[in-house]
Amino acid sequence: MQPVVSQYPALSRVLHWLIAALVFATWPLGIMIGFVKKDVALDFYLLHESFGFLVLWLMLLRVGSKLVAGAPPIEGSALERKAAHAVHGLLYVFLIVMPVSGFLATNAHGFPLKWFGLVTVWSPLGKSPDIAWTLSGIHGWSAWILLGLFGLHFAAVLFHHVVKRDGTLFRML
């Protein structure tokens, strides 16, 4: 039986799962680019960058939604609440930093984004080899940090659902 809990607003729940699905599609595409033939890598790259750009806009929508609609209060000890706020805040930061740095890195390397092969997206950067590798480094490190944050987030969900048997998981379902 499902515990009675305060849920996130419907838009927040939809965006949460949509962004999660996109990240889980985007992350392996980015990893695979270095391991496939060059002609296939370009297709992977187009999807990776297009999904990533979509994640950015959905995250901005999610931030706006949270500012307008809020979120249900986090239950648990003061330490659990502080940890949850910290991890959620960092997830939000890196889910914005990662696509922004990837988008800018691509442009700095001299490859403007053609979103899903349809629309060329304007960038404030043209080809800028001096900063391209720095932006690529930020993008790569952000991906690994995001993976670690996801691990903490998922461990907390399991802890609440399996050990504490509270309704935390149901807030986002």
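The values are calculated or read from the model by the stated rules, or taken from the named source; none is laboratory data. These numbers were taken from a predicted model, which means no experiment stands behind them. Note: ideal-geometry Cβ built from the backbone for every residue, glycine included; neighbour counts use all protein chains shown.
Say whether the condition of being of a type outside the set (S, T, N, Q), over 21 Å from G148 (Cα atoms) and surrounded by fewer than 17 Cβ atoms within 10 Å (Cβ to Cβ) is met by at least one residue in the stretch 14-31. Before you say what the answer is, go through the steps one by one.
Of the stretch 14-31, the ones of a type outside the set (S, T, N, Q) are 14-25, 27-31.
This time we only want the ones that are over 21 Å from G148 (Cα atoms), so: 14.
Applying the additional criterion that residues be surrounded by fewer than 17 Cβ atoms within 10 Å (Cβ to Cβ) yields 14.
Taking every residue of the stretch 14-31 in turn, at least one turns out to be of a type outside the set (S, T, N, Q), over 21 Å from G148 (Cα atoms) and surrounded by fewer than 17 Cβ atoms within 10 Å (Cβ to Cβ).
Give all pairs with beta carbons closer than 7 Å in which a residue from the stretch 122-143 that is of a type in the set (K, R) meets a residue that is surrounded by 11 or more Cβ atoms within 10 Å (Cβ to Cβ); count only pairs at least 6 apart in sequence or on separate chains.
K127/A108; K127/G110
Could you tell me which numbered condition G117 fails, if it satisfies all but one of (1) small (G, A, S); (2) modelled with pLDDT under 95; (3) under 17 Å from the mean Cα position of the chain (by Cα)?
G117 satisfies all of (1) small (G, A, S); (2) modelled with pLDDT under 95; (3) under 17 Å from the mean Cα position of the chain (by Cα) except (3).
Which condition does A108 not pass, out of (1) within 26 Å of V14 (Cβ to Cβ); (2) crowded, with 16+ Cβ neighbours inside 10 Å; (3) more than 17 Å from the chain's Cα centre (by Cα); (4) modelled with pLDDT of 95 or more, if it passes all the others?
(1) is the only condition that A108 fails.
Got a number for residues in the stretch 14-46 being at pLDDT below 95 and touching a Leu at 6+ places or on another chain (Cβ under 7 Å)?
The qualifying residues number 2.
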